[in-house]
Amino acid sequence: MTELPDALQGLTTLQLLDLANNRLKTLSPSTLGTMKSLSELRLARNKLHQLQKDAFHGLPHLELLDLDSNELASMETNAVKSLPELKAVRLGRNKLVTVPSAAFTDLPQLQSAELQENQLTNIANNAFSEVPQLLLLNISHNKLTALNHAGLKSLKSLEVLDVSHNQVARVGSSGLEGMEWLVELKVKKQLHVPVVYDHHRTINTIF
């Protein structure tokens, strides 16, 4: 299966759609948007290569978006937008090089974002916009060289940040600025990375 079948259109009471382990190359927002009751969308291990603007528009009850282990090389601004119930997004093990501005926006319930094992060199300022409940961000196993300009400063609710297995030379206080609730910072396998932060804060740093 390389595209969403037309038979799925109009399934307004469908709550879980699992199309993992197929050969999907494209998504049809016009088909997905008719599934108004969908709460879980599982598309892991397909051949998707791009996330376009408003790819998941019209899914007011979506809680889980699983796009793990695809071939995603790019995502547009507003790719994951205005999903009021979304709690977890899985984009690990893809080929993303950059996360553009407002890639994730207006997601009031988002708690977990997984972007590990991509090829990320850049996360744009304001890549995460209006995500007030984000608790966990996994950007491990990428090619990031610095956090200061990684577009993370707006994530004030973040509790767990995994930046292990990157090329970060130093984790300075400016890179963690605004993360008032951060309790766990993972920088494993970067044995010589100095971590500098406000001495009034207690952060469990795992090397």
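Annotations for the structure displayed:
Residue by residue, here is whether (1) touching a Ser or Thr at 6+ places or on another chain (Cβ under 8 Å); (2) closer than 21 Å to SER129 by Cα holds:
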position: LEU16; (1), (2): yes, no
position: LEU27; (1), (2): no, no
position: LEU43; (1), (2): no, no
position: LEU67; (1), (2): no, yes
position: ASN70; (1), (2): no, no
position: LYS81; (1), (2): yes, yes
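- Restricting attention to the range 137-159, the residues that are surrounded by fewer than 16 Cβ atoms within 10 Å (Cβ to Cβ) and not in a loop (DSSP other than H, G, I, E, B) add up to 0.
- Residue within the range 45-57 that is among the acidic types (Asp, Glu), touching a helix residue (DSSP H, G or I) at 6+ places or on another chain (Cβ under 8 Å), over 29 Å from THR145 (Cβ atoms) and assigned to a loop (DSSP other than H, G, I, E, B) present: yes
Laboratory data are not the source of any read-out in this text; all were calculated from the coordinates shown. Since the structure is predicted, the reported quantities are computational estimates derived from the model, not experimental observations. Cβ: placed from backbone, ideal geometry, glycine included. Neighbour counts: every protein chain shown.
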